[in-house]
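Comments concern the structure below.
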Amino acid sequence: MAPMKLFFADTETTGLDPAQHEIFQLAFLVEIDGKVVEEKTILFRPERPETISADALRITRKTKEELLSYPPKRQGYESLIAALDRWVDRYDKDDKLFWVGQNPRFDMDFLRVFFQELEDPYFGSWWHHVPADLIALAMIMRLRRHIDPPDFKLESLAQACGVPLIPHDALADVRATHSIWKKLLALIPLAEPAKSCQPSRRRP
């Protein structure tokens, strides 16, 4: 059986629209068959400082000057590709990372645009195209009465699961997401892998 490769990730961005705003921090954690093999934070200098939103600065507690002191995008991109290359064979269609996150489509959409800006059309060479959303798992656990958070924000889920969290730092969010995911997943009984999801046919 192929190893299970999980990519827990979070971004900090200059706004909410990937067509207009940019990633300035990507943090990720790679887990292979239950073992954390890498943690990394990469910073990127925004190339469109005029689009940096005041709300993004307030929420992340950054200044525009701080963001503009970060390394160039190309340097960060090369660091990311080097890390991915350690754990995935990009040419093997069956060897992909499963992206896990809190509302992961947001982060994936920003990183996909980032790849396009760097003229790299091979975003899909690294990740499975369907992400795993912590919110969906937490909702299942809520329906089964394992947890009862007031909402499904990361801070609320962390508190419900007894996980410490420093909000609005990408690496802290990734570590918290990983811990919450593991705790919630542990509530699901282990079973033998099913050979098929099709219901058995009844005899006439």
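The values are calculated or read from the model by the stated rules, or taken from the named source; none is laboratory data. Every value quoted in this text rests on a predicted model; they were computed, and no experiment measured them. Counting neighbours? That spans all protein chains shown, and the Cβs are built from the backbone with ideal geometry, glycine included.
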Positions within segment 86-114 being in contact (Cβ under 8 Å) with a residue 24 or more places away in the chain and assigned to a helix (DSSP H, G or I), in sequence order: Arg86, Trp87, Pro104, Arg105, Phe106, Asp107, Asp109, Phe110, Leu111, Arg112, Val113, Phe114
Residues (touching a residue at least 24 places away in the same chain (Cβ under 8 Å) and not charged (D, E, K, R)) located in segment 67-80: Leu67, Ser69, Tyr70, Pro71, Pro72, Gly76, Tyr77, Ser79, Leu80
Condition broken by Val163, with the remaining ones in (1) of a type outside the set (S, T, N, Q); (2) within 21 Å of Lys40 (Cα to Cα); (3) out of contact with any Ser or Thr (no Cβ under 8 Å at 6 or more places or on another chain); (4) assigned to a loop (DSSP other than H, G, I, E, B) satisfied: (3)
Unique match (being within 30 Å of Ile81 (Cβ to Cβ) and surrounded by fewer than 18 Cβ atoms within 10 Å (Cβ to Cβ)) among Asp151, Asp120: Asp120
Any chance Thr63 is out of contact with any Ser or Thr (no Cβ under 9 Å at 6 or more places or on another chain), more than 19 Å from Trp127 (Cβ to Cβ) and β-branched (Val, Ile, Thr): yes
Total residues in segment 10-44, condition assigned to a loop (DSSP other than H, G, I, E, B) and buried (at least 20 other Cβ atoms within 10 Å of the Cβ): 4
In segment 166-177, the residues that are part of a helix (DSSP H, G or I) and of a type outside the set (Gly, Ala, Ser): Leu171, Asp173, Val174, Arg175, Thr177
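For (1) over 21 Å from Phe44 (Cβ atoms); (2) over 20 Å from the mean Cα position of the chain (by Cα); (3) at pLDDT 95 or above, each residue gets a yes or a no:
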{"site": "Thr63", "(1), (2), (3)": "no, yes, yes"}
{"site": "Glu78", "(1), (2), (3)": "no, no, yes"}
{"site": "Ala82", "(1), (2), (3)": "no, no, yes"}
{"site": "Tyr91", "(1), (2), (3)": "yes, yes, yes"}
{"site": "Asp95", "(1), (2), (3)": "yes, no, yes"}
{"site": "Phe115", "(1), (2), (3)": "no, no, yes"}
{"site": "Val130", "(1), (2), (3)": "yes, no, yes"}
Of all residues making up segment 115-132, the number that are in a helix (DSSP H, G or I), free of Cβ contacts under 8 Å to residues at least 40 places away in the same chain and of a type outside the set (Gly, Ala, Ser): 3
Subset of segment 96-117 that is within 27 Å of Ala138 (Cα to Cα) and of a type in the set (Asp, Glu) - its residue that is surrounded by the most Cβ atoms within 10 Å (Cβ to Cβ): Asp107
Counted residues, segment 119-157 - those being within 17 Å of Ala9 (Cβ to Cβ) and among the hydrophobic types (A, V, I, L, M, F, W, C): 11
Single condition Glu47 does not satisfy, out of (1) more than 17 Å from the chain's Cα centre (by Cα); (2) in a helix (DSSP H, G or I): (2)
Selected residue [assigned to a helix (DSSP H, G or I) and over 26 Å from Ile180 (Cα atoms)] from Ile135, Ile59, Ile140, Ile81: Ile81
Lone unmet requirement of (1) among the hydroxyl-bearing types (Ser, Thr, Tyr); (2) loosely packed, with under 15 Cβ neighbours inside 10 Å; (3) closer than 29 Å to Met1 by Cα for Ser125: (2)
Residues of segment 164-180 satisfying the condition of being buried (at least 23 other Cβ atoms within 10 Å of the Cβ), touching a helix residue (DSSP H, G or I) at 6+ places or on another chain (Cβ under 7 Å) and either closer than 15 Å to Phe24 by Cα or not polar (S, T, N, Q) (or both): Asp173, Ala176, Ile180
